[in-house]
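K.L.:
Right, I'll just put the structure down here and ask away after.
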Amino acid sequence: MYYFKAFKATSSIETCRKFREGHKKVLFDYGISNITTNNDDWMFYESVYGITAEDEHGEIVGGIRIHVADDDHPLPVEDAVGEIDPKIFGLIRQYSNTGTGELCGLWNAKSVAGIGISLLLIRAGISVVNQIKLNSLFTICADYTMPMVKKVGFEVEDSLGNKGEFIYPNENYIARVLRRMNAITLETAQPEDRERILNLRNNPVQITSEQGPKGDISINYNLIISNV
């Protein structure tokens, strides 16, 4: 059994620190040190929310964050590619009028690699956007996460960079900026993913069995965000 818990960053600083340490270790294992949000700053932003995956021993083995676009802090995607293509700033402003944000900081520990935790975290992250009044979402991802983010309905923003591509976070990786045009209706998601996301949105507290690449896994979801 794994436990997925949603939280507001400023209300859960200790959880944020554990999230960051776990994420930092995974990045270090892959030789990556210059991810734009690999710092403590986001923990103190009122516009940041997160979801953690914990094992039965209470250890955080994965997580994802949602950053809401505001007037005070650029989104991580803006920090990541803004110097390369400043058009990202106008694009975010365009969608922020109706509520936009970014799905970011996805990671899972090696101890749970390959069982499907990352896709479940992505679904859970999209499911909570109604609680924080977002109508659209952006994300930035590498090739190895493209299949997952396309399944849930993200599409490459080819007006940026080289048809959506950027060399990021270093010369060993090609990243792509993607957007989900409608985070409420989810019309671009695969039917199975759309169904699961909407089910989590309508029933944010549930225990269920999710199908993973290595078999079914039991998830205890508590995706109600306190202090929104």
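K.L.:
Going by the structure shown, is residue 91 within 12 Å of residue 137 (Cα to Cα) and more than 18 Å from the chain's Cα centre (by Cα)?
P.N.:
Working: within 12 Å of residue 137 (Cα to Cα): yes; more than 18 Å from the chain's Cα centre (by Cα): yes.
Yes.
K.L.:
Do we have any residue at all in segment 196-217 that's open to solvent by 40 Å² or more (accessible area, probe 1.4 Å), more than 29 Å from residue 28 (Cα to Cα) and either aromatic (Phe, Trp, Tyr) or in a loop (DSSP other than H, G, I, E, B) (or both)?
P.N.:
Yes - at least one qualifying residue is present in segment 196-217.
K.L.:
Within 11 Å of the chain's Cα centre (by Cα) and more than 23 Å from residue 195 (Cβ to Cβ): is that true of residue 105 in this structure? Walk me through how you get there before you give the answer.
P.N.:
On the way: within 11 Å of the chain's Cα centre (by Cα): yes; more than 23 Å from residue 195 (Cβ to Cβ): yes.
The answer is yes for residue 105.
K.L.:
Right, something else. Evaluate the following for residue 58: is it at pLDDT below 95, in contact with a helix residue (DSSP H, G or I) (Cβ under 9 Å, 6 or more places away or on another chain) and at positive phi? Outline the logic, then answer.
P.N.:
Working: at pLDDT below 95: yes; in contact with a helix residue (DSSP H, G or I) (Cβ under 9 Å, 6 or more places away or on another chain): no; at positive phi: yes.
So residue 58 does not fit the description; no.
K.L.:
Considering only residues that are among the small types (Gly, Ala, Ser), at negative phi and out of contact with any helix residue (DSSP H, G or I) (no Cβ under 8 Å at 6 or more places or on another chain), which ones fall in segment 133-164? Don't jump to the end; show me each part of the working.
P.N.:
From segment 133-164, those among the small types (Gly, Ala, Ser) are 136, 142, 153, 159, 161, 164; that's our starting set.
In the following step, the residues that additionally are at negative phi were identified as 136, 142, 159.
Passing the criteria: only 142.
K.L.:
Taking residue 225 and the conditions (1) assigned to a loop (DSSP other than H, G, I, E, B); (2) at pLDDT 95 or above; (3) closer than 19 Å to residue 117 by Cα, which numbered condition does it fall short on, given that it satisfies the others?
P.N.:
The failed condition is (3).
K.L.:
Let me ask you something else. Within segment 4-43, can you find the residues that are open to solvent by 80 Å² or more (accessible area, probe 1.4 Å) and either out of contact with any Ser or Thr (no Cβ under 6 Å at 6 or more places or on another chain) or modelled with pLDDT under 90 (or both)? Reasoning before the result, please.
P.N.:
First, the residues of segment 4-43 that are open to solvent by 80 Å² or more (accessible area, probe 1.4 Å): 5, 14, 17-18, 21, 24-25, 28, 30, 33, 41.
14, 17, 18, 21, 24, 25, 28, 30, 33, 41, listed by residue number.
K.L.:
So residue 193 fits all but one of (1) in contact with a Gly (Cβ under 8 Å, 6 or more places away or on another chain); (2) assigned to a strand (DSSP E or B); (3) closer than 27 Å to residue 56 by Cβ; what number is the exception?
P.N.:
(2)
K.L.:
How about segment 44-99: which of its residues are of a type in the set (Val, Ile, Thr), surrounded by fewer than 18 Cβ atoms within 10 Å (Cβ to Cβ) and farther than 22 Å from residue 168 by Cβ?
P.N.:
If the condition is that a residue be of a type in the set (Val, Ile, Thr), surrounded by fewer than 18 Cβ atoms within 10 Å (Cβ to Cβ) and farther than 22 Å from residue 168 by Cβ, then 98 is the only one that fits.
K.L.:
With 111, 127, 118 as the choices, which residue is hydroxyl-bearing (Ser, Thr, Tyr) and modelled with pLDDT under 90?
P.N.:
Working: 127 fails: modelled with pLDDT under 90; 118 fails: modelled with pLDDT under 90.
None of the others qualify; the one that does is 111.
The values are calculated or read from the model by the stated rules, or taken from the named source; none is laboratory data. No experiment lies behind these values; they were computed from the predicted model shown. Cβ: placed from backbone, ideal geometry, glycine included. Neighbour counts: every protein chain shown. Accessible surface is based on the protein model in full, side chains and every heavy atom, while ligands, DNA and RNA are left aside. Shrake-Rupley method; radii C 1.70, N 1.55, O 1.52, S 1.80 Å.
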